[in-house]
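The values are calculated or read from the model by the stated rules, or taken from the named source; none is laboratory data. This structure is a prediction, so every number in the text was calculated from the model and none was measured. Backbone-built Cβ (ideal geometry, glycine too); neighbour counts: all protein chains shown. For accessibility, only protein heavy atoms count, side chains too; no ligands or nucleic acids. Shrake-Rupley method; radii C 1.70, N 1.55, O 1.52, S 1.80 Å.
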Amino acid sequence: MRKNPYKNKRIFFVIPAFNEEKSIGRVLKELKSAGYKNIIVVDDCSKDNTYDEAKKQGVVVLKHIINRGQGAALRTGMDYALRKGAEYIVTFDSDGQHRVEDLPGMLGPVIRGEVDVTLGSRFLRKTKMPLSRRVLLKGSVLVQWLFYGVRLSDAHNGYRVLSRRAAKQIKIGSDRMEHASEIVEEIVKKKIRYKEVPVIIKYTGYSMRKGAGSFLGALKVLFKMVMRRLVH
Ligand SMILES: Nc1nc2c(ncn2[C@@H]2O[C@H](COP(=O)(O)OP(=O)(O)OP(=O)(O)O)[C@@H](O)[C@H]2O)c(=O)[nH]1
Ligand SMILES: [Mg+2]
């Protein structure tokens, strides 16, 4: 496990969580044992024990009283982190797919002031992933390129680091999964300096069984991305 090399920086984690009682405890333990302190979980009205499991780890747990979606949860967590004086904000998943080992690589370019945002990319390194995911993710990359004019290697990766300045500039209006393309759109529109950083996303039986997983769900996100572009 790589320890936090930036102990003197105010790094805040915003972790959206929906029905992740099985994984949230382990994710939080790993972050804490690597020396990361300011952790905010946003429980989006989970039906299971996500809230209690997160609370047990002694981190801040915010709760939505209805399920509002991952985009809305990020907004809640980021607003809170900014109010608490965050210098850097990391958005990190609660289902165990993101690796703590990738944090120094993600944080470095922002902390050194080279860019204001780093976006994790699972396509800059050879990554094992199910074919259905590869096809859908590449579909989003294509939609983002054709409809938004932004050419990234990965379009829907929840692993990001934002400087305080970038976090203040980026407005997330989409409550659900479309927020990922909206964030990229905001970065480009507001000319925020960014860089993609290779990360490994872990695909496990657990991650595949739940979540945005369904093919239909992913197609819906793609459709909404296109529609958003057509009406804006
Ligand atoms: N707050 C909140 N979090 C959510 C919601 N849906 C998903 N999440 C969280 O957002 C993160 C990513 O969601 P996933 O469903 O795993 O999406 P993904 O990783 O892009 O897609 P997969 O490849 O299917 O895992 C996880 O930490 C989820 O717990 C939601 O409605 N509200
Ligand atoms: Mg996931």
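Whenever a residue of region 55-73 is open to solvent by 70 Å² or more (accessible area, probe 1.4 Å), its partners that are at pLDDT below 95 and within 10 Å of ligand 1 (Cβ to nearest atom), lying with C-beta atoms within less than 7 angstrom and at least six residues away or across chains, give the pairs R68/D175. When you go through N19, N4 one by one, which is the residue that is of a type in the set (S, T, N, Q) and closer than 27 Å to S174 by Cβ? Exactly one residue qualifies, and that residue is N19. Inspect all residues belonging to region 63-77 and state whether any of them is modelled with pLDDT of 95 or more, away from ligand 1 (no atom under 14 Å from the Cβ) and not hydroxyl-bearing (S, T, Y). No. Taking into account only those residues within region 185-194 that are open to solvent by 10 Å² or more (accessible area, probe 1.4 Å) and in a helix (DSSP H, G or I), which is nearest to I170 (Cα to Cα)? Ranking the qualifying residues of region 185-194, first place goes to E186.
Does region 136-151 contain at least one residue that is open to solvent by 10 Å² or more (accessible area, probe 1.4 Å), outside any helix (DSSP H, G or I) and free of Cβ contacts under 8 Å to residues at least 60 places away in the same chain? Among the residues of region 136-151, at least one is open to solvent by 10 Å² or more (accessible area, probe 1.4 Å), outside any helix (DSSP H, G or I) and free of Cβ contacts under 8 Å to residues at least 60 places away in the same chain, which makes the answer yes.
Take the residues in region 105-122 that are touching a residue at least 24 places away in the same chain (Cβ under 8 Å) and open to solvent by 10 Å² or more (accessible area, probe 1.4 Å), then tell me which one is farthest from ligand 1 (Cβ to nearest atom). Among those residues, the one meeting the criterion is E114. Output yes when any residue across region 207-217 is in contact with a helix residue (DSSP H, G or I) (Cβ under 8 Å, 6 or more places away or on another chain) and part of a loop (DSSP other than H, G, I, E, B), and no when none is. Within region 207-217, none of the residues are in contact with a helix residue (DSSP H, G or I) (Cβ under 8 Å, 6 or more places away or on another chain) and part of a loop (DSSP other than H, G, I, E, B).
State yes or no: is F92 on the phi < 0 side of the Ramachandran plot, within 16 Å of ligand 2 (Cβ to nearest atom), open to solvent by less than 50 Å² (accessible area, probe 1.4 Å) and touching a residue at least 24 places away in the same chain (Cβ under 8 Å)? Yes, satisfied.
Residues that are within 10 Å of ligand 1 (Cβ to nearest atom) and of a type in the set (S, T, N, Q) within region 177-232 comprise T204, S207, S214, listed in sequence order. The residue list R151, R164, R176, R134 contains one member that is modelled with pLDDT under 85 and among the basic types (K, R), which is R176.
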